[in-house]
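Structure first, then comments.
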Amino acid sequence: MSPSLNVLVTGAGGGMCRGINARLAGSGHTIVCVDLDAQSSEAAAQAIRDAGGKAVSFAADVADEAAVGQLHAEVTSTVGPVQALVNAAGILDRKFLADSTAESFRRALDVNLVGPFNLIKAFSPGMIEAGWGRIINIASIAGVTGYPYPSYAASKAGLANLTRSLLEDFWGTGITINSICPGVVDTPMVIQEVRDQVRRRVPTQSIIDPAEIGAMIAFLLTDEARNVNGADLLIDGGATQLFSLFNNHAD
Ligand SMILES: NC(=O)c1ccc[n+]([C@@H]2O[C@H](COP(=O)([O-])OP(=O)(O)OC[C@H]3O[C@@H](n4cnc5c(N)ncnc54)[C@H](O)[C@@H]3O)[C@@H](O)[C@H]2O)c1
């Protein structure tokens, strides 16, 4: 596969994608930035261009099947086929069960799970045709361990299982599909209390730099990563594997 890919990144205007975009800006790939908000999508693309990379921007609600269909048509006609898809758009609805409604729960599933499904449905046929593709879903350790905000945890667990479940569909197509499950990533929304918890509860005692997610994605885009397939790639400082009743460091 050519070293220069069209890489579509959803949620491109978000905190984590700043690191992903910055890492990919120097890769020679064209980054197709997609976000709900046209301005933040274009700001992300501009930041990539300012860093010497190639980027274009589009606005779409990933949860809206028709909007994703239109996005596919626009991207294909203006940029060409997409060889790699990074599903990073997501929402964290900080609601416990008591405050949740079926509507709020459904919206989280729509964005975090149906969204990636819509993008995969729209863009994977082009990858199958080309005989090569990369699909990377940004899930979360919340989907591995559970989390007090149930709509988020359920949607991310679903996303990781969607990833595994599509291995059969992409059998022999040249497409790999993986999920990345980050722990706490250094984005503006992370409050000081959580930073303190990371120091107490994570073996590396470090919060994750968005660039580290970008580096993992950059690797997954290469041919050397062709046998990394169907994985839940944890980037969590060891937090998820640590759980033990005999852990001396948990408080
Ligand atoms: N920040 C963390 O610590 C962390 C940890 C684990 C996983 N994640 C996941 O990583 C991804 C990025 O997180 P982030 O911290 O950058 O969040 P963020 O809120 O900063 O960015 C999310 C982006 O997605 C966009 N978006 C939301 N709904 C959308 C929709 N319907 N259609 C298109 N775009 C939409 C938002 O406009 C925003 O730009 C999310 O999927 C999140 O669940 C984040």
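Close amide H contacts of residue 234 (hydrogens built in the peptide plane, cut-off under 5 Å, sequence separation of 5 or more or a different chain): 181.
Centre-to-centre, using Cα atoms only, region 63-105 and region 182-223 are separated by 23 Å. When exposed loop sites are taken as chymotrypsin sites (Phe, Trp or Tyr not before Pro) in a DSSP loop with at most 11 other Cβ atoms within 10 Å, the longest stretch of the chain clear of them is 1-95.
Choose one of 100, 56, 237: the residue whose Cα lies farthest towards the positive end of the charge dipole of the chain (beta-carbon charges +1 Lys, Arg; -1 Asp, Glu; about the Cα centre). Going by the Cα projections, it comes out as 237. Over region 6-237, the fraction of Cα-Cα pairs per 5 Å bin, rounded to whole percents and listed from the shortest bin up, is 1, 7, 15, 19, 21, 18, 11, 5, 2, 0, 0. How much of the accessible area of the chain, in percent, comes from carbon and sulfur atoms when a 1.4 Å probe is used? Carbon plus sulfur share of accessible area: 55 percent. What angle, in degrees between 0 and 90 and rounded to the nearest 10, separates the Cα long axis of helix 65-78 from the longest principal axis of the Cα atoms of the chain? Once rounded, one gets 50 degrees. Solvent-accessible area per residue in the chain equals 49 Å², computed with a 1.4 angstrom probe and all protein chains kept.
Each Lys and Arg adds +1 at its Cβ and each Asp and Glu adds -1 at its Cβ; summed about the Cα centre, region 6-237 shows a dipole of about 460 debye. Size descriptors for region 83-195, from the alpha-carbon set: Rg then Dmax equal 15.3, 48 Å.
The modelled label-to-label distance for the pair residue 226/residue 70, using points 7 Å beyond Cα in the direction of Cβ, is 3.9 nm. What fraction, in whole percent, of alpha-carbon pairs in region 184-248 exceed 17 Å separation? So the portion of pairs separated by more than 17 Å is 53 percent.
The values are calculated or read from the model by the stated rules, or taken from the named source; none is laboratory data. Computed from a predicted structure; not experimentally measured. Here the Cβ is made from the backbone with ideal geometry for all residues, glycine too, and neighbour counts use every protein chain on show. Ligands, DNA and RNA are stripped out before the accessible areas are found, and what is left, the full protein with its side chains, is counted by its heavy atoms. Shrake-Rupley method; radii C 1.70, N 1.55, O 1.52, S 1.80 Å.
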